[in-house]
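Asks: Dumping the structure here so I can ask a few things about it.
The values are calculated or read from the model by the stated rules, or taken from the named source; none is laboratory data. These figures come from a predicted structure and were not determined experimentally. Don't worry about glycine lacking a Cβ; one is built from the backbone with ideal geometry, like all the others, and counts go over all protein chains shown.
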Amino acid sequence: MKHKTKWTLALILILIVSALMFGLYWGWKYYGLPEWPDDRAFEIVEQRADVAQAFAKQHNMNEHYALFVNYSMPSGTPRLFVWDFQEKKIVASTYVMHGPGKGSTDKRPVFSNEPGSECSALGRFLVTKEHGVTLRRSFRLKGMDGDNKTAYSRVLMIHGSTFLDGHVWMRYIPLHRASCQGCVTVTTRGMDYIWELVNDEEKPLLLWSYYEE
C-alpha cells in the first residue's frame, strides 16, 4: 500500500512540474519573444527598410514607422515587425497567422489576391484607419501594388485573435478559418500595440508582407 502511495505521489508531482513548465514556456513565448526578435529577422527587415521608406515618402505615408510581415518564418515565432526608421531598429514584434485557402498548410502558406480565396496576400499595403463591420478593433488594408489592389474589396484587415493567443506555444499555428481568412491576424496583445501606434500617428503606416524561399 505504501509503495502504491509513493508512485501516486510521484505521478502527481510529475504532472504538477509538467504543468508549471508548460505555463512558463507559454508565458515566455507570449510575453517575452514578441519583444526580442532574432538577429536574422532584423537583417531581413533592415535590407528592405530604405526601399520601404522611399516608398512611404513617395505616397505621403508615415516615415517614422512601418510594419513588415515575413511569412517565410514559422507562424509560431514572431513574424510581424514594427520598424522605426529614425532609430533604424525593430521596436516591437508579434505573431501572425496566415489564411487557409488554396491548399495552405500550417507550415506553408499559399498566397492569392483572388476574392474568396481565403489566402493571405503579399506586397505593400496602406494601413487605413477604417475598421471592419464586425471586428471594430481592426484596420482595413489598401493594396498599393498592381497585383494586390483587391485587398480593400476583399476586406483584408489587421486584427487580433484569441485563438492565436492560445496557440503561440506551438511552432506552427493551426489554420483556423474563424480567425483568419487572409487577414493579417495577430495576437490580441500585438493588436493592442498596433491599435495605439496607428491611431497615434497622423500619417498612415506602410505594411509590407513578403515570403522568401
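Asks: Out of all the residues in the range 53-71, is one or more modelled with pLDDT under 95, in contact with a Ser or Thr (Cβ under 6 Å, 6 or more places away or on another chain) and buried (at least 16 other Cβ atoms within 10 Å of the Cβ)?
Replies: no
Asks: On to the next question. Are there strands (runs of 3 or more DSSP E) fully within the range 108-213 with at least 1 residues that are basic (Lys, Arg) and touching a residue at least 24 places away in the same chain (Cβ under 8 Å)? List them. So that I can check it myself, show each step before the final result.
Replies: Numbers: elements: 123-127, 138-143, 157-160, 184-186, 205-210.
Ranges flagged: 123-127.
Asks: Quick check: is even one residue across the range 71-88 in a strand (DSSP E or B), acidic (Asp, Glu) and farther than 24 Å from residue 177 by Cβ?
Replies: Step one: list which residues in the range 71-88 are in a strand (DSSP E or B), which gives 80-84.
Keeping just the survivors that are acidic (Asp, Glu) gives 84.
Adding the requirement that they be farther than 24 Å from residue 177 by Cβ leaves 84.
Within the range 71-88 (the criterion being in a strand (DSSP E or B), acidic (Asp, Glu) and farther than 24 Å from residue 177 by Cβ), the answer is yes, since at least one residue qualifies.
Asks: Can you say whether residue 165 is of a type in the set (Asp, Glu) and under 22 Å from residue 54 (Cβ atoms), as far as the supplied structure shows? Before the answer, list the steps.
Replies: Working: of a type in the set (Asp, Glu): yes; under 22 Å from residue 54 (Cβ atoms): no.
No.
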